[in-house]
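One structure below.
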Amino acid sequence: MNLSILCITVLIQFIRAATKERVKPVNLKLKKTLKTFLSKFADYKNKSMSLSDWNQVAIKYNLSKIHRRGNRIMYKDNSGAYVVKLSTVEHDPCRTDPLAFARKKINHPNIVKLHCWATQEITSKRKKRFILVASVYELCDVIIGSRLINNDENTIRSIVHQVLLGLDYLHSKKLVHLDIKPDNIMGKTGKNGKITYKLIDLDTIADLPPEDDEIYRQVFTSGYVDPEYGQNRILIESDIYQLGMTAWALSYMKKGDEEWCRNWGKKYNKKRKQHTFKSFSSVEYGEFVKTCTDYDPKRRPNCRELLLHPFITETGN
C-alpha cells in the first residue's frame, strides 16, 4: 500500500514538472531570448525548418499569429504582454535604414513603445541577402475603424491631434515615418478608460536626408503616398501629406486601408483638388485635409503649425 502511494506521488510530481515545463513563461522582451527566437525564424526562412515545425516554435514561445501581410508577420503574446513583429527586408545599402527608429531611442506616448529588437542576416539559395528584423512592441487594444469613428468628427480630431504630437516628436529627431495611414495607428486604453492613440509600424521610419539628396523610396501604401516619392525624395512634408490623406480617409473608410485604396486612392489625382466631404464634416476639417495634401510640399504646414489649426484647436466658427 505504501509502495502504491509512493508511486502515485512520484507520478503526480512528474506530471506537475512536465506541465510546468510546458507552460514555462517566455519573455521575448529579453534580447538574448529574442535572438534565439529570431534564429529559429531564420531556419524557417532558409527552408531548414518546415511550416508545421515553425508553428510549434510559436506555440512554445506562447504566441498567436495576428496577421501576415507581405514580408511581415505579427504575433501576439498570449499573456497580453506584447506584440512581436517579424520582417524580412532585402539587403540594399542604398535603401533607408530599417532600424533608424531603434537607433534613435524613440520615447513618446503617441508612438508605440519598442521593448526590444534583434536582426539577423540570411542569404537565399539565389544568393540574395536579406535582413530579418524581430521587434517587440507594447500591445495596443483599439483598432481604428468605422465602428470606433462612427461618423464622429471629435474622434477623428482626437486621433489626428495625437498623431500630430507623435509626428512632431519624430521630426524633432530628424526622422520621418513615411507610411502614415489608419492601419498604422492604434489606441491603448488606460486605466481611466481614456484612449491614447499611437503611431505603429515603426520599421518604415527613416533618417531625414539632406534636402537635395535622392534616396530610394519604397511605396508602402499607394493610397496615401505623397507626390514626391516618384522623385525619390524624403521630406518632412511627406509625412504631412500622408497625415492629410489619413484624416480624409478616417471619415470614409469602412473596412480598412485596402478598401480605401481600392475605392478612393486610385481615383484620386494628386495634382487636382478632388476632395469631397460628408455632410457632418466641418469647414475646418475640410481645410485641414486640403492644406496637408497640397501638391507642392513647400506649401504644406509643419506639425507645430498644424497643432494650431482651427480643426485641431476647435476654434472654428
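The values are calculated or read from the model by the stated rules, or taken from the named source; none is laboratory data. What you see is a predicted model, and the numbers here were worked out from it, not measured in a lab. A quick note on method: Cβ atoms are made from the backbone with ideal geometry, for glycine too, and the neighbour counts reach across all protein chains shown.
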Completion exercise
Note on Arg233: of the conditions (1) farther than 27 Å from Tyr169 by Cα; (2) modelled with pLDDT under 85, unmet is (1)
Fill in the blank from the handout: Subset of segment 176-191, residues modelled with pLDDT under 90 and out of contact with any Ser or Thr (no Cβ under 9 Å at 6 or more places or on another chain), comes to Lys191
Exercise for the section: All but one of (1) surrounded by fewer than 17 Cβ atoms within 10 Å (Cβ to Cβ); (2) touching a Phe, Trp or Tyr at 6+ places or on another chain (Cβ under 7 Å) hold for Arg157, so report the exception by its number. Expected result: (1)
Exercise for the section: Please find, among Ser222, Ser281, the residue that is modelled with pLDDT of 70 or more, among the small types (Gly, Ala, Ser) and closer than 22 Å to Pro182 by Cβ. Expected result: Ser281
Practice task
Check Lys267 against each of (1) surrounded by 14 or more Cβ atoms within 10 Å (Cβ to Cβ); (2) at pLDDT below 65 and name the one condition it does not meet.
Solution key: (1)
